[in-house]
Amino acid sequence: MRRKKVLLVDDSATVLLLHQGMLLELGYEAVTARNGLEALARAETERPDLVFLDVVMPHLDGLETCRALRTREPTRNTPIILCSTRAEPRSVQAGFDSGCTDYLAKPFDGAELTALLRRYLD
């Protein structure tokens, strides 16, 4: 049985490394992208089982990236978890309006992320 693949999208190399390590420990495969444009290309070639997407990024933010992923056949139904420091109701609603499956406010702990990953991947 193949390992589930998660596309991690964040403009912070540190965040990507931390999350990548955690995913590997949990038995998932991790693929990374540093911005929304790169995420769209990686999603097309990698066909992830889940996308973990930062909202605040240069070039193409997480909301725009989420909307674009929802219009493409390979990722139309892929779970997308948006994460942001912006946790006020208006920002969370904007996340869901863009098509995300779930929204995680930063800072979050490993247990929260683990629970979401298991909810959508196991």
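From the list 111, 30, 94, the lone residue that is surrounded by 14 or more Cβ atoms within 10 Å (Cβ to Cβ), among the small types (Gly, Ala, Ser) and in a helix (DSSP H, G or I) is 94.
Count of segment 43-60 residues, restricted to those that are open to solvent by 50 Å² or more (accessible area, probe 1.4 Å) and under 21 Å from residue 105 (Cα atoms), is 2. For the subset of segment 97-107 comprising residues that are under 14 Å from the mean Cα position of the chain (by Cα) and either surrounded by fewer than 17 Cβ atoms within 10 Å (Cβ to Cβ) or not aromatic (Phe, Trp, Tyr) (or both), which member is farthest from residue 23 (Cα to Cα)? Taking the candidates together, the pick is 98.
What residue, among those in segment 66-91 that are of a type in the set (Val, Ile, Thr) and not in a loop (DSSP other than H, G, I, E, B), is most open to solvent (accessible area, probe 1.4 Å)?
Keep residues of segment 66-91 that are of a type in the set (Val, Ile, Thr), which gives 71, 75, 78, 80-81, 85.
Of the ones still in play, those that are also not in a loop (DSSP other than H, G, I, E, B) are 71, 75, 80-81.
Numbers: 71: 95, 75: 5, 80: 1, 81: 0 Å².
Checking each candidate, the answer is 71.
On the stretch given as segment 97-108, residues that are of a type in the set (Phe, Trp, Tyr) and either closer than 12 Å to residue 62 by Cβ or part of a strand (DSSP E or B) (or both) total 1. Remark: pairs (first residue in segment 99-122, under 21 Å from residue 78 (Cβ atoms); second residue open to solvent by less than 70 Å² (accessible area, probe 1.4 Å) and among the small types (Gly, Ala, Ser); Cβ separation under 6 Å; 6+ apart in sequence or on different chains) = 103/95. Scanning segment 43-57 turns up one or more residues that are within 25 Å of residue 114 (Cβ to Cβ) and in contact with a Phe, Trp or Tyr (Cβ under 6 Å, 6 or more places away or on another chain).
Which of the numbered conditions does residue 24 fail, given that it passes all the others? Conditions: (1) under 18 Å from residue 5 (Cα atoms); (2) assigned to a helix (DSSP H, G or I); (3) at pLDDT 95 or above. Here residue 24 clears every test but (3).
In segment 13-27, of all residues being out of contact with any strand residue (DSSP E or B) (no Cβ under 7 Å at 6 or more places or on another chain) and in contact (Cβ under 8 Å) with a residue 40 or more places away in the chain, the one that is surrounded by the most Cβ atoms within 10 Å (Cβ to Cβ) corresponds to 26. Of all the numbered requirements in (1) over 24 Å from residue 112 (Cα atoms); (2) open to solvent by less than 20 Å² (accessible area, probe 1.4 Å); (3) touching a Leu at 6+ places or on another chain (Cβ under 6 Å), residue 40 misses one, and that requirement is (3). For segment 57-92, filtering for residues that are in contact with a strand residue (DSSP E or B) (Cβ under 9 Å, 6 or more places away or on another chain) and over 13 Å from residue 37 (Cα atoms) leaves 14.
The values are calculated or read from the model by the stated rules, or taken from the named source; none is laboratory data. This is a predicted model, so every value here is computed, not measured. When we count neighbours, we look across all protein chains shown, and the Cβ atoms used for this are built from the backbone with ideal geometry, even at glycine. Surface accessibility is based on the protein's heavy atoms, side chains included, excluding ligands, DNA and RNA. Shrake-Rupley method; radii C 1.70, N 1.55, O 1.52, S 1.80 Å.
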